[in-house]
Amino acid sequence: MVSAGTLVELIGPWADGADPLNEQLAAALARAIDLGLLPPGTRLPAERELARELALSRTTIVAAYDRLRLAGLARSRQGSGTRVAARRPGLTQAYLAPLDSTDSDAVLWPTSSAAPAVGLLTPLVDDAIELTIGALPAGSIVAEAMAAAVRDDLPTLMLDSGYDPFGLPALRHQIAAYLSRLGVPTDPDQVLVTSGAQQALHLIGSQLGGPATSVAMENPSYIGAIDAFRTTGNRLVPIPVDAEGARVEVIGLLGANAPVRLVYVIPTFQNPTGAVLPESRRRELARLAGEGGFLVVEDLTPDLTLGVDSPPPIAAFDPGDRVITVGSLSKLAWGGLRVGWVRASRPVIDRLVAGKIVVDHSSSLVTQAIGARVFERLDEVAARSRQAGAERRSVLMAALSERLPEWTWTEPKGGLSLWVRLPGADAVAFSRLAATLGVVVRPGPLASPDGGFRDHIRIAYGSEPDRLVDGVERLAAAWAAYTPADRSSRPSLAVSV
């Protein structure tokens, strides 16, 4: 049960209008439910307890709870109090217009937990600009690493079978040293090399999760992670995100409906918002994992800082092997290498490698050798990627500000994507229209484990600057063609009975 004091902190200031207090309180509670701050199954404080905390009459609290029940947001049972009801589409997020079931793009939103949200919009015209990939082209350092690996490493590699399920020892040593540098002491035996971070997440979802397992994840989150956990049968539980990343305090409430086994977060340069989880929240999440018995999966893939001017990974605060760290060279160097990794306790690594053997026996030793060479010049390659990312971000934001001043976003602290709100619009319909005009973006619900954020789009800026400018021009043309009749306004979250 959430305590009265905690509930008051979650809903924040709420009594600021002329409406009756019970209506204002009900509206504040409805907003908290809508934002995911009060997950389904959460037991609300007893009326008398909340009345004391708010210095209100019990009658006011009873009336507010009655309004929630009448709106379908809460349910009561004698002896078990009042709990947040299971969310139903169109109820707590009524502003999310339902998809037309006859719509050809309805496959974007899976109807079963086993189906992936992979109905990704594809270009409908030649020379389409795809603002969907948050990764940069390879630079000269990657090319030089390739040449060195082929010249110096390949002859030795070819003397063996070519299979190493755990990964090339040289690369595992490099990854262990990199993580130790970030503040996470790591032995090479704690590292499993994967074919990109995407395979790492799929292995975690299948080997440590699976059907009937609850995986809590940020809302919004990385589209690939949503697919990885959903296609392995896991039940996705959204965690609200603010300007500082995941609302960690909500995680303690998530077990009210079903135990959470895994919590997936992107602590540095969260995808798609670019937020950075502060150290205090990282420490608290590690503590909650120890107390609650769940595993934290932290994805460091977007983190290009090498530990400079950013908090240590969550694993640095974990004394009990409750944190699994995932990473990749896709953002640091080049996505084409398909070099990722998992850092965990040896028992967990053994479970994951058993699944990897079934999937592909071993990642390519050639690309791993190239990856090991890239690690030798990691400071250079990371600096180059940071600079390129910052330049592209500036170009994109300047173009959007000039051509689409109605659109709003919070400037990300890093990463390679912009999370943009479209005023009074249905991002699914707009994205579909934009694709016909030669620019592809991801509508918000693809990045949401519960299909929310229908008024947002994700714009990735891995493309060359001139392509970003041209892409914004096409987005502006699509916005001009997007008729007001297609736009949907977001109604008040106040409860009406």
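The values are calculated or read from the model by the stated rules, or taken from the named source; none is laboratory data. As the structure is a prediction and not an experimental result, all values here were calculated from the model. Every residue, glycine among them, receives a Cβ derived from its backbone with ideal geometry; neighbour counts consider all protein chains shown. Just the protein is used for accessible areas: all its heavy atoms, side chains included, with ligands, DNA and RNA removed. Shrake-Rupley method; radii C 1.70, N 1.55, O 1.52, S 1.80 Å.
Given the structure, is Asp160 of a type outside the set (Phe, Trp, Tyr), in a loop (DSSP other than H, G, I, E, B), at pLDDT below 95 and over 24 Å from Pro272 (Cα atoms)?
yes
How many of the residues making up the stretch 198-223 are crowded, with 21+ Cβ neighbours inside 10 Å and either in a strand (DSSP E or B) or free of Cβ contacts under 8 Å to residues at least 12 places away in the same chain (or both)?
Matching residues across the stretch 198-223 total 5.
Name the one entry in Leu337, Leu277, Leu329 that is crowded, with 20+ Cβ neighbours inside 10 Å, within 29 Å of Leu253 (Cα to Cα) and modelled with pLDDT of 95 or more.
Values: Leu337 fails: within 29 Å of Leu253 (Cα to Cα); Leu329 fails: within 29 Å of Leu253 (Cα to Cα).
None of the other options fit; the residue is Leu277.
What are the pairs with Cβ atoms under 8 angstrom where one residue, in the stretch 176-193, is on the phi > 0 side of the Ramachandran plot and the other, located anywhere, is surrounded by 13 or more Cβ atoms within 10 Å (Cβ to Cβ) and at pLDDT below 95? Sequence gap at least six, or different chains.
Close Cβ pairs (under 8 Å, with a partner that is surrounded by 13 or more Cβ atoms within 10 Å (Cβ to Cβ) and at pLDDT below 95) amount to Gly183/Gly307.
Tell me the residue from Leu25, Leu37 that is modelled with pLDDT under 90 and surrounded by 16 or more Cβ atoms within 10 Å (Cβ to Cβ), please. Reasoning before the result, please.
Working: Leu25 fails: modelled with pLDDT under 90.
Exactly one of Leu25, Leu37 is modelled with pLDDT under 90 and surrounded by 16 or more Cβ atoms within 10 Å (Cβ to Cβ), namely Leu37.
Give the residues of the stretch 139-154 that are at pLDDT 95 or above, of a type outside the set (S, T, N, Q) and surrounded by fewer than 18 Cβ atoms within 10 Å (Cβ to Cβ), sorted by residue number.
We begin by selecting, within the stretch 139-154, every residue at pLDDT 95 or above; these are 140-154.
Still in the running and of a type outside the set (S, T, N, Q): 141-154.
Result: Ala143, Glu144, Ala147, Ala148, Val150, Arg151, Asp152, Leu154.
Which condition number does Arg346 fail, the rest of (1) in contact (Cβ under 8 Å) with a residue 60 or more places away in the chain; (2) crowded, with 24+ Cβ neighbours inside 10 Å being met?
(2)
Could you say whether any residue in the stretch 243-253 is open to solvent by less than 20 Å² (accessible area, probe 1.4 Å), out of contact with any Lys or Arg (no Cβ under 8 Å at 6 or more places or on another chain) and within 24 Å of Gly196 (Cβ to Cβ)?
No, the stretch 243-253 contains no residue that is open to solvent by less than 20 Å² (accessible area, probe 1.4 Å), out of contact with any Lys or Arg (no Cβ under 8 Å at 6 or more places or on another chain) and within 24 Å of Gly196 (Cβ to Cβ).
Would you be able to tell me the number of residues in the stretch 10-52 that are part of a helix (DSSP H, G or I) and either touching a strand residue (DSSP E or B) at 6+ places or on another chain (Cβ under 7 Å) or closer than 29 Å to Val237 by Cα (or both)?
17
Among what's in the stretch 393-431 and is of a type in the set (D, E, K, R), modelled with pLDDT of 95 or more and assigned to a loop (DSSP other than H, G, I, E, B), pick the residue that is nearest to Asp242 (Cα to Cα).
Glu411
Right, Val62: touching a Gly at 6+ places or on another chain (Cβ under 9 Å), open to solvent by less than 60 Å² (accessible area, probe 1.4 Å) and at pLDDT 85 or above or not?
Against the criterion (touching a Gly at 6+ places or on another chain (Cβ under 9 Å), open to solvent by less than 60 Å² (accessible area, probe 1.4 Å) and at pLDDT 85 or above), Val62 does not qualify.
Take Ile226 and tell me if it is under 30 Å from Gly12 (Cβ atoms) and part of a helix (DSSP H, G or I).
Criteria met by Ile226.
Being touching a Ser or Thr at 6+ places or on another chain (Cβ under 9 Å), assigned to a helix (DSSP H, G or I) and touching a residue at least 60 places away in the same chain (Cβ under 8 Å) narrows it down to one of Gly389, Gly327, Gly336, Gly371, so name that one.
Testing whether each residue is touching a Ser or Thr at 6+ places or on another chain (Cβ under 9 Å), assigned to a helix (DSSP H, G or I) and touching a residue at least 60 places away in the same chain (Cβ under 8 Å) leaves just Gly336.
Which residues, taken from the stretch 364-407, are among the polar types (S, T, N, Q) and touching a helix residue (DSSP H, G or I) at 6+ places or on another chain (Cβ under 8 Å)?
Result: Thr367, Gln368.
Give the stretch 280-312 a look and list any residue that's more than 16 Å from the chain's Cα centre (by Cα) and either within 17 Å of Arg181 (Cα to Cα) or outside any helix (DSSP H, G or I) (or both), or say none.
Matches in the stretch 280-312: Gly293, Phe294, Leu295, Leu304, Thr305, Leu306, Gly307, Val308, Asp309, Ser310, Pro311, Pro312.
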